[in-house]
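Reviewing the structure listed below.
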Amino acid sequence: MPAMNMPSVNRIELLKNTDFFRDLPDEELLRLSARMIERSYPPNHAIVREGSPGDAMFLIVDGKVEIRKRDPKNNDFDVTITTLNNGAAFGEMALLTGNPRSATVMATGNTKVLVLMKNDFDVLLHEHQSLSIALSRIVADRIEEMKNRESPGTVSLQTLKHDEAIMACVPEQLVRKHKMLPTSYTNGKITLAVVDARNVTAIDEIKRSVQQKYPKVIFDLVIVAEDDFLKFMDSEYKSLVKSDDSLDIESFVDSMDHIQSDILKEFALEEGGDEDLGIPDIEKEAEGAPIIKLTNSIIAMALKKGASDIHIEPMEKEVRVRYRVDGDLQEDMVLPKKIQLPLISRVKIISKLDITERRLPQDGRITIKMGNKSIDFRVSTVPAKFGEKICTRILDKTQTTLGLDKLITHPPVLGIVREMIKKPYGIIYVTGPTGSGKSTTLYSSLAEINDVKRNISTVEDPIEYDLRGVNQIQVNHDIGLDFARVLRAFLRQDPDVILVGETRDKETAKIAVEAALTGHLVFTTLHANDAPGTFMRLTEMGIEPFLVSASIIGVVAQRLVRKICPNCKEAYQDAAACEYLGIPGGTTLYRGKGCDACRNSGSKGRVGVYEVLNVNEDIRHFIAEGASTLEIRDSALAAGMISLKDYCLILLKEGAISVDEVLRTVVVGN
């Protein structure tokens, strides 16, 4: 670069204002300034490079530089260890020792420096003893300062440029886990602030997350102190990046289209050949970046849609991905057949299943953290005609509404259930198909009676939600820890209330009934079509009717129905529909027209429909005699039970659900 001249007076004033030369007398500063050369550097220009000869020292007149070192464990990165501004000096240690440069100095903007070459420096030290003593003292102070500094070579996060869009590229939970944060994008490079630059695996994970939006970006690492990082995350970060976890999902799936495009490009999509892959080959492909991106995106999209289940279904010539949203399955993706084995293997790997076993069903589990949220995924595989089908149930604990008053909207029915759960002993069955909200009803019931005076224990498969103060046991069939075995152990644990996640067999059903007969309050679920049908189901399982009649408190049968979208709700009249449903002909009905908020489905969210059978003496007598389901139903209706159909009609008249939903949910002829 061409040399530029600067008046001596200005140079002396500049030298006086620097840490390195401020203690030198004016006459020494005059001699020093006369030997210094002025140079200018444009942005992103290396003033000195790591490993080059230490033949000069530099003083920043105007501008800013970054001191960068090559990461010995990862040659893809230069680690920025500090930044220097006006008045700072660099290169003096190499000048004194004669060793090669230990770091690269990069101008980050237009930067002007004064340069003192080694020959002139040696002459000054030889001719002027006072300068030599002063420099030695300053260097000694510098070394001592570096020894005492808690985090040598770190940059303050406060001084870095902050770009909200860049910081939002990586989910907050991942940022906090690895203590690494991308802060800004400048001149084709992303600045990545890290606490530990040696954690190459974590850096690669952050890099992959960022590159979903910026595929070919280059990274510059900046080391920050851990305390500074944590303080920034708890303060400035929260104001710069919205804390709603859905934003993480949004940013994650924004690139869904190009991710699928990348998959198609990165895989050789020849016809056939999948079955010839060996297990090591499949495992290698499953751990590849494209499959990891696709799997993560499938999960993220499910969370964004609010899905309850993910279905990955191999077809003859493709792989179909469907989500169950508000009770309905929606096809979202159709992927090439070539992706089938790596994708299914990837899901099996992260849910800790055996990827070598393709002939038998398997069950696994995935748990992910999103900020303060913990989301569980129950993974089930079955061997189908065209390959293994995977169904994943999503259990978002933070989305669960606990509290019977939030579930049961009809006050008389709510009152009956609350009366039942306050009984000191007996058994309460909650029935309904898979995905009808049985577990939520059970947990809400426990939450209402949970206090320090009661010993409450649950046995579940899996534990779906965490309840404070409740002893929850996860069954493990691999070691013989099944429902029946845990139930027998519970009876020796001085229990007051027992929850059995599901009554699946005769042994479990019998122990649960015996527990209810010996002074315990028992909650459990059972698969039955309605409340009166529960007793026939228990008889089929081999439980004697007199034991059931003596132990039972009541049955809660339930369904989940779709609510009308409030944004596109419209009223209308339909006399024929009213007549068919048995309600007055002038009743105002409601439906959803379809809008962006509900994805043109006309429905958004779900509400519970309940049929509560509170067992009285007459019904107890019918049960003991082994009466038919119809006789028990008639007796219960005569005692005031509201059927599933009648509960649906209550919601219909309130404008909560549509006629179509009533017809879809219940048999109107009942």
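The values are calculated or read from the model by the stated rules, or taken from the named source; none is laboratory data. Bear in mind that the values here come from a model prediction, so they are computed numbers and not experimental data. Neighbour counts run over all protein chains shown; Cβ positions are idealised from the backbone, glycine included. Accessible surface areas use protein heavy atoms only, side chains included; no ligands, DNA or RNA. Shrake-Rupley method; radii C 1.70, N 1.55, O 1.52, S 1.80 Å.
With respect to (1) under 25 Å from ARG176 (Cα atoms); (2) open to solvent by 20 Å² or more (accessible area, probe 1.4 Å); (3) in contact with a Phe, Trp or Tyr (Cβ under 7 Å, 6 or more places away or on another chain); (4) not β-branched (Val, Ile, Thr), the lone exception for GLU316 is condition (1). Here GLY582 does not fit the description of being in contact with a Cys (Cβ under 9 Å, 6 or more places away or on another chain) and either closer than 27 Å to GLY437 by Cβ or surrounded by 14 or more Cβ atoms within 10 Å (Cβ to Cβ) (or both).
Residues considered: ALA193, ALA165, ALA197. Of these, the only one that is within 26 Å of PRO43 (Cβ to Cβ) and modelled with pLDDT of 85 or more is ALA193.
Among residues of the stretch 55-66 that are within 15 Å of GLY91 (Cα to Cα) and small (Gly, Ala, Ser), those with a beta-carbon under 9 Å from a residue that is in a strand (DSSP E or B) and open to solvent by 30 Å² or more (accessible area, probe 1.4 Å) at least six positions away or on a different chain give the pairs ALA56/ILE37; ALA56/MET117. ASN199 meets all of the listed conditions (1) in contact (Cβ under 8 Å) with a residue 12 or more places away in the chain; (2) open to solvent by 70 Å² or more (accessible area, probe 1.4 Å) but one, namely (2).
None of ALA531, ALA571 is farther than 30 Å from PHE622 by Cβ and touching a strand residue (DSSP E or B) at 6+ places or on another chain (Cβ under 9 Å) except ALA571. Taking the stretch 454-482 as the range and being of a type in the set (A, V, I, L, M, F, W, C) and either assigned to a loop (DSSP other than H, G, I, E, B) or open to solvent by 10 Å² or more (accessible area, probe 1.4 Å) (or both) as the test, the residues that pass are ILE463, LEU467, VAL470, ILE473, VAL475, ILE479, LEU481. Got at least one residue in the stretch 591-600 being over 47 Å from the mean Cα position of the chain (by Cα) and acidic (Asp, Glu)? Checked the stretch 591-600: no residue is over 47 Å from the mean Cα position of the chain (by Cα) and acidic (Asp, Glu). Against the condition part of a loop (DSSP other than H, G, I, E, B), closer than 16 Å to LEU538 by Cβ and touching a Leu at 6+ places or on another chain (Cβ under 9 Å), how does GLU502 come out, does it pass? When the stated conditions are applied, GLU502 passes them. Say we look at the stretch 78-105 and pick out the residues that are more than 20 Å from ALA193 (Cβ to Cβ) and charged (D, E, K, R); which of these is modelled with the lowest pLDDT? Going through the qualifying residues, I end up with GLU92. Among the residues of the stretch 596-608, those identified as on the phi < 0 side of the Ramachandran plot and either in a strand (DSSP E or B) or open to solvent by less than 30 Å² (accessible area, probe 1.4 Å) (or both) are CYS598, SER603, LYS604, ARG606, VAL607, GLY608. Looking only at residues in the stretch 425-453 that are surrounded by fewer than 19 Cβ atoms within 10 Å (Cβ to Cβ) and either closer than 12 Å to ALA528 by Cα or of a type in the set (Lys, Arg) (or both), which one is nearest to the chain's Cα centre (by Cα)? Restricting to residues being surrounded by fewer than 19 Cβ atoms within 10 Å (Cβ to Cβ) and either closer than 12 Å to ALA528 by Cα or of a type in the set (Lys, Arg) (or both), the top hit is THR434.
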